[in-house]
Amino acid sequence: MNAIPTRPEQFTNAWLEDKLGAPAGALKGFTAKTIGTGQMCDSFRLTLDWDGHDGPDRIVAKCPSANADSRQIAKTVHNYTLEISWYQDLADELPVACPPCYHAEIAENEIDFALLLGDMAPARQGDQLRGADIPMIEAAIAEAAKLHAPLWNSPRLDDHAWFRFGTGNKHLVRALLPGLYQGFKDRYRGRLGAEIFEMGDAFIARLDDYLDRGPDARTVTHGDFRIDNLLFHPETGAVTVVDWQTVGIGLGPVDIAYLIGTSIADPARRAAEEERLVDDYVAQLQALGAPADPRQCREGYRLGAFSGFVMAIFASMNVQRTERGDEMFAVMAERPARQILDLDSLALL
């Protein structure tokens, strides 16, 4: 088997022609430009120069991170395998908006992969630091409902072996999060308030209770559903969901809590809007045929507030450190921490 090219400089005209279904000799050449600020993968926009062939003018190539530490953690928690599996097995089946996939393959080492996707420009990535306005949140929730509703409590969730990685990842969180939290506290002690660390200390003490709770209703979840992983069309407001490296089986309202908790910058605005937003989400699930229980969804939302806090700790201490990344992870911890305190989510543990 030929090696998978993992950087644009390893791509050839012939390889791109083959993966894009173009005839031999149809591609005269291509250029590549780095896009995004992803810390687990590297992404590139390829501009394609065709000779009489009606192929896409531009595509996006996702590749393994150039950083060895990021590649290793991606292998450990199966990030690359999960995203490739999503595009191979489910992306075309579920109605959630995600980029069209031209090619997805991964090597047995779970590091070397190539993913060729449609370029969604002029849609732009949300800005995690700035936060989202309410119409952006509402548009994102509509896509979440399309992701969650079709396989809500479906036995078909057990058809895909790669979903089982979630169990192993939970064990990893159990083993690693307490130590990572100590490093997180040291790094952000001057940035975050004492009340946040008091809540964090109490949460870590009850981590087993949190991890041992099973979902009331299982479905497909994105797992990192925040505005940095959403593309918004500047004219229509339409949302495209990207970065499927944490897709798994879980509780749908957790995605909603994660989105709202990490993406609404003003805690007062978040607190004022979240009950309505959760009720709207439940109504959309029910309209799409999912037998969602409103009470269970509201409780799942409260519990889901911890998800953004956990992700901020785990990710910040395991990916390549950057100035923007430090502030982004501080924001990703601070906002859901306020949400946890407002919702008294610790009372559920």
Quiz item: What angle, in degrees between 0 and 90 and rounded to the nearest 10, separates the Cα long axis of helix 194-205 from the longest principal axis of the Cα atoms of the chain?
Solution: 80
Quiz prompt | Selected from L94, L211, L303 as most flexible by GNM, with the chain as the system and alpha-carbon contacts under 10 Å | solution = L211
Self-check item: Candidates per GluC sites (Glu not before Pro) in the stretch 106-205, loop by DSSP, up to 10 other Cβ within 10 Å
Solution: E108
Quiz item: Can you give the Kirkwood hydrodynamic radius of the stretch 259-349 from its Cα pairs, in Å with one decimal?
Solution: 14.1
Quiz item: Probe 1.4 Å, all protein chains in place: accessible area of H53 in Å², nearest 10?
Solution: 60
Practice problem: For the chain, calculate the relative contact order in percent as a whole number, restricting contacts to Cα pairs under 8 Å that are 6 or more residues apart. | Solution: 18
Quiz item: Treating the beta-carbon of each Lys and Arg as +1 and of each Asp and Glu as -1, no other charges, what is the dipole magnitude of the stretch 244-349 about its Cα centre, to the nearest 20 debye?
Solution: 140
Exercise. For the stretch 313-349, state which trypsin sites (Lys or Arg not before Pro) are in a DSSP loop and have at most 14 other beta carbons lying within 10 Å of their beta carbon.
Key: R321
Quiz prompt | Computed E for L288/D344 - FRET, C-beta separation, R0 41 angstrom, nearest 0.05 | solution = 0.85
Practice problem: Would you mind getting me the FRET efficiency between Q182 and D51? Use the beta-carbon distance for r and R0 = 56 Å, nearest 0.05. | Solution: 0.45
Practice problem: May I ask you to rank Y87, Y102 by accessible area, largest first, using a 1.4 Å probe over the protein chains only? | Solution: Y102, Y87
Quiz item: In what order, largest first, do T47, T240 sit by accessible area if the probe radius is 1.4 Å?
Solution: T47, T240
Quiz item: Could you give the dipole magnitude of the chain about its Cα centre, charging the beta-carbon of Lys and Arg +1 and that of Asp and Glu -1, in debye to the nearest 20?
Solution: 640
Quiz item: Mind checking the angle between helix 165-188 and the chain's longest principal axis? C-alpha axes, 0 to 90 degrees, to the nearest 10.
Solution: 70
Practice problem: Kindly list the residues of the stretch 49-69 that lie in the label zone of A121, defined by a backbone N under 11 Å from the point 7 Å along the Cα-to-C-beta vector. | Solution: 57-60
Quiz item: For the chain, which whole-number percentage of the solvent-accessible area (1.4 Å probe, protein heavy atoms only) is attributable to carbon and sulfur atoms?
Solution: 48
Self-check item: Relative contact order %, the stretch 34-188, counting alpha carbon pairs below 8 Å whose residues are six or more apart
Solution: 19
Self-check item: Percent RCO, i.e. relative contact order, over the stretch 127-235, from Cα pairs under 8 Å lying at least 6 residues apart
Solution: 59
Self-check item: Exposure rank, largest accessible area first [L129, L348; 1.4 Å]
Solution: L129, L348
Exercise. Identify the trypsin sites (Lys or Arg not before Pro) of the stretch 195-304 meeting these criteria: DSSP loop state and at most 14 other C-beta atoms within 10 Å of the C-beta.
Key: R206, R213
Practice problem: State, in angstrom, two size descriptors of the stretch 25-89 derived from its alpha carbons: Rg to one decimal place and Dmax to the nearest whole number. | Solution: 14.7, 44
Exercise. Would you mind computing, in nm to one decimal, how far apart the modelled labels at L211 and T12 are, each placed 7 Å from Cα along Cα→Cβ?
Key: 4.6
Quiz item: Based on DSSP H runs of at least 4 residues, each adding -39500 (n - 2.57), what is the mean residue ellipticity at 222 nm of the chain after dividing by all its residues, to the nearest 500 deg cm²/dmol?
Solution: -15000 deg cm²/dmol
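How big is the dipole moment of the stretch 100-259 about its Cα centre under a simple scheme where the beta carbon of each Lys and Arg is +1, that of each Asp and Glu is -1, and everything else is neutral? Debye, nearest 20, please. Before the final figure, lay out each step's value.
On the way: 15 positive and 24 negative charges, 71 e Å.
Dipole magnitude for the stretch 100-259 comes out near 340 debye.
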Practice problem: Whole Å is fine, so just give me how far the alpha carbon centre of the stretch 223-264 lies from that of the stretch 318-349. | Solution: 16
Quiz item: Roughly how much of D344 is accessible, in Å² to the nearest 10, using a 1.4 Å probe?
Solution: 80
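The values are calculated or read from the model by the stated rules, or taken from the named source; none is laboratory data. These numbers come from a predicted model, not from an experiment. Cβ coordinates were reconstructed from backbone atoms using ideal geometry, including for glycine residues, and neighbour counts include every protein chain displayed. Each accessible area value is taken on the protein alone, full model and side chains, heavy atoms only, with ligands, DNA and RNA left out. Shrake-Rupley method; radii C 1.70, N 1.55, O 1.52, S 1.80 Å.
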